[in-house]
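Let me begin by presenting the structure, written as structure tokens, before commenting on it.
The values are calculated or read from the model by the stated rules, or taken from the named source; none is laboratory data. The shown structure was predicted, so the numbers you read here are calculated from the model rather than taken from an experiment. Methodologically, a virtual Cβ is constructed for each residue, glycine included, from the backbone with ideal geometry; neighbour enumeration extends over all protein chains shown. All accessible areas refer to the heavy atoms of the entire protein, side chains included, with ligands and DNA or RNA removed. Shrake-Rupley method; radii C 1.70, N 1.55, O 1.52, S 1.80 Å.
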Amino acid sequence: LNALVVTHGNWGRELVEAARDVYAVGAKVHFLSNTDFGVQDLAVKIGEWLAEHEGPAVVMVDVGSGSCGSASLLAAAGRPSTWILGGVNLPMVLTYMAGTALEPQELVSKMIDRALNAIDVFRMPT
Amino acid sequence: MSLLMARIDDRLIHQQVADGCCGSLPAKRLILAHDAVAADSVSRTVFRAAGPDSTPTEILPLTEAVRRLRQLDTAGGLESTIVVTETAEDMLRLVEAGIPVSTVTVGGMHRNPHRPDEIWAGFFVGPPERRALLQLQDRGIHVVFQTVPGAPGRALRELVEPPRRE
């Protein structure tokens, strides 16, 4: 399963680098920023990445209904075994990096599960 | 009455439009006027899904958009309508077709090979778009670069000197 993170600005790059700091060895995650791109040009860039990386792919974006999500959906239209996940966070990326031995569908489900469960309210025990 | 907002944005419908514009202005409808998107079912689905939950989104080719906007003008619905085009040229076509517009907001014009010149703070233009923006201004329309309502903005007339006429 190939992986690409697409975000606004440079925080996706920092996210990927932080994940690499946590897992010094782990599957490679590519990064693309939407800075300087309209949605059609961004879709072309993502399409080029998908063409360079044959086989199943997961594209993790920050805002699913934003330009990163729309461009990813346009680029992946009709391409089998390509998942677009919104709301990328560190647990999602870490789960990918640690889990590439899993079947793609199973790994994607696990990434969603971990990312969602990371959003919670934590309280000190009283 | 003129449009609530006439926006040029090469990201079409996204967070700034859905939340930043439709969420902060009294919009009752959002119209994306775009020939290629309107002609493609995948693109229509993607950009309709990117639209705001609270405001119905219509995706129409330019000629249909003109028809729809004339209809709204007659019915008194323009002042609650936000229109988005990808380019300044498309916005100029709407204006040339008689759609009343008092202000054009350039919300997003990103760098590409056809837009090499940064006009202001991340907004890029090429010669055809610069011409189209100046033509809009020549028609008495206020052209402003601003990502969302309330954000810092800059008027075209502050950034570009109009071509000198002999």
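Listed values, structure above:
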item	result
Unmet requirement for A:G12, which otherwise passes all of (1) within 18 Å of B:Q15 (Cβ to Cβ); (2) open to solvent by 20 Å² or more (accessible area, probe 1.4 Å)	(2)
Test: residue in segment A:36-49 that is in contact with a helix residue (DSSP H, G or I) (Cβ under 7 Å, 6 or more places away or on another chain), open to solvent by 10 Å² or more (accessible area, probe 1.4 Å), closer than 27 Å to B:P52 by Cβ and acidic (D, E)	no
Residue count, segment A:78-88 (criterion: within 11 Å of chain B (Cβ to nearest Cβ) and assigned to a strand (DSSP E or B))	1
Candidates A:D62, A:D41, A:D36, A:D113, filtered to the one that is among the acidic types (D, E) and touching a residue at least 40 places away in the same chain (Cβ under 8 Å)	A:D62
Search result, residues across segment A:15-35 that are in a loop (DSSP other than H, G, I, E, B), more than 14 Å from chain B (Cβ to nearest Cβ) and open to solvent by 60 Å² or more (accessible area, probe 1.4 Å)	A:Y23, A:A24, A:V25, A:K28
Residues of segment A:37-77 classified as within 14 Å of chain B (Cβ to nearest Cβ) and assigned to a helix (DSSP H, G or I), total	19
Candidates B:R29, B:R44, B:R7 - the one that is in contact (Cβ under 8 Å) with a residue 12 or more places away in the chain, in contact with a helix residue (DSSP H, G or I) (Cβ under 8 Å, 6 or more places away or on another chain) and within 13 Å of chain A (Cβ to nearest Cβ)	B:R44
Residue match in segment A:81-95 (condition: open to solvent by less than 30 Å² (accessible area, probe 1.4 Å), among the aromatic types (F, W, Y) and either in contact (Cβ under 8 Å) with a residue 12 or more places away in the chain or closer than 25 Å to B:F47 by Cβ (or both))	no
Residue match in segment B:102-118 (condition: more than 13 Å from the chain's Cα centre (by Cα), more than 21 Å from B:D40 (Cβ to Cβ), in contact (Cβ under 8 Å) with a residue 40 or more places away in the chain and away from every other protein chain (no Cβ under 14 Å))	no
Among (1) out of contact with any Asp or Glu (no Cβ under 9 Å at 6 or more places or on another chain); (2) over 21 Å from B:N112 (Cβ atoms); (3) assigned to a helix (DSSP H, G or I); (4) at pLDDT 95 or above, the one test that B:A38 misses	(1)
Helices (runs of 4 or more DSSP H) contained entirely in segment B:52-158, each with at least 3 residues that are loosely packed, with under 15 Cβ neighbours inside 10 Å	B:62-75, B:127-138
